[in-house]
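K.L.:
First, the structure itself, so that you have it in front of you.
Any read-out appearing in this document is the output of simple, stated calculations on the displayed coordinates, not a laboratory observation. Everything numeric in this text was worked out from a predicted model, so none of it was measured. All Cβ positions, glycine included, derive from the backbone under ideal geometry; neighbour counts span all protein chains shown.
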Amino acid sequence: MNAIKRFEDVKAWEDARVLTFKIYKICSDGKPSKDFGFRDQIQRASVSIMSNMSNIAEGFERNNNKEFVRFLLYSKGSCGEVRSLLTVANDLKYINDDEFKELHELATVVSSQIANFIKYLKKSNSIKP
């Protein structure tokens, strides 16, 4: 794993950014845009993935993997929430099957990336490899 100098260097953060953009895009028009509760919940969950991972910068300063891992676990939980809400969106026909598959797969990839990063951090003594 290459040295991480900025939170933007974390692949999971970049992929979460793409996921968030796509979630916002599908919520900007069509059926999800009219269901304010659903729209707000899925948008908040997708942003939560990124914002909790953004604590990488804070973790760098504190040099505290235990606290950093805690925030990454929040991000991983938000990935699960996004996947669940995508299932609801698909069931309600807010999104089509292709959109569901693409977004669900991306959320699953991000979750896996976060899990692998957590494993790495738990084995290392500092955030900077």
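K.L.:
Based on the alpha-carbon set only, what is the convex hull volume of the range 1-50 divided per residue, in Å³?
P.N.:
Convex hull of Cα atoms, per residue: 57 Å³.
K.L.:
Continuing with the same structure: Just the Cα atoms of the chain, one point each, no solvent: what log10 I(q)/I(0) does Debye give at q = 0.10, 0.15, 0.20 Å⁻¹?
P.N.:
Once normalised to I(0) and log-transformed, intensities are -0.33, -0.66, -1.01.
K.L.:
Applying the Karplus parametrisation 6.51 cos²θ - 1.76 cosθ + 1.60 with θ = phi - 60° to the phi angles of the range 112-124, what ³J(HN,Hα) value in whole Hz is obtained for each residue in order, glycine and proline being reported as x?
P.N.:
5, 4, 5, 4, 5, 5, 4, 4, 4, 5, 5, 8, 9
K.L.:
Taking the Cα centre as origin and putting +1 on Lys and Arg beta-carbons and -1 on Asp and Glu beta-carbons, what dipole magnitude results for the range 9-123, to the nearest 20 debye?
P.N.:
Roughly 380 debye, rounded to the nearest 20.
K.L.:
Can you tell me the length gained on complete extension of the stretch Asp40 to Lys5, counting 0.36 nm per residue apart and subtracting the Cα distance?
P.N.:
9.4 nm
K.L.:
Given labels modelled 7 Å from the Cα in the Cβ direction, how far is it in nm from Ala115 to Val47?
P.N.:
Those two pseudo-labels are separated by 2.8 nm.
K.L.:
For the chain, modelled as a Gaussian network with Cα springs under 10 Å, which listed residue fluctuates most, Lys101, Lys76, Lys34?
P.N.:
Sorting by GNM fluctuation, first place goes to Lys34.
K.L.:
Here's another thing I want to ask about it. Round to the nearest 0.05 the FRET efficiency obtained for Leu92 and Val69 when R0 = 30 Å and r is the Cβ-Cβ distance.
P.N.:
0.30
K.L.:
Straight-line reach from Lys31: which lysines have Cα under 19 Å away, leaving out those fewer than 8 places along the same chain?
P.N.:
Once the sequence-local lysines are set aside, what remains near Lys31 is Lys22, Lys93, Lys101.
K.L.:
Calculate the FRET efficiency for Ser84 and Ser28 from the Cβ-Cβ distance with a Förster distance of 22 Å, rounded to the nearest 0.05.
P.N.:
It comes to 0.55.
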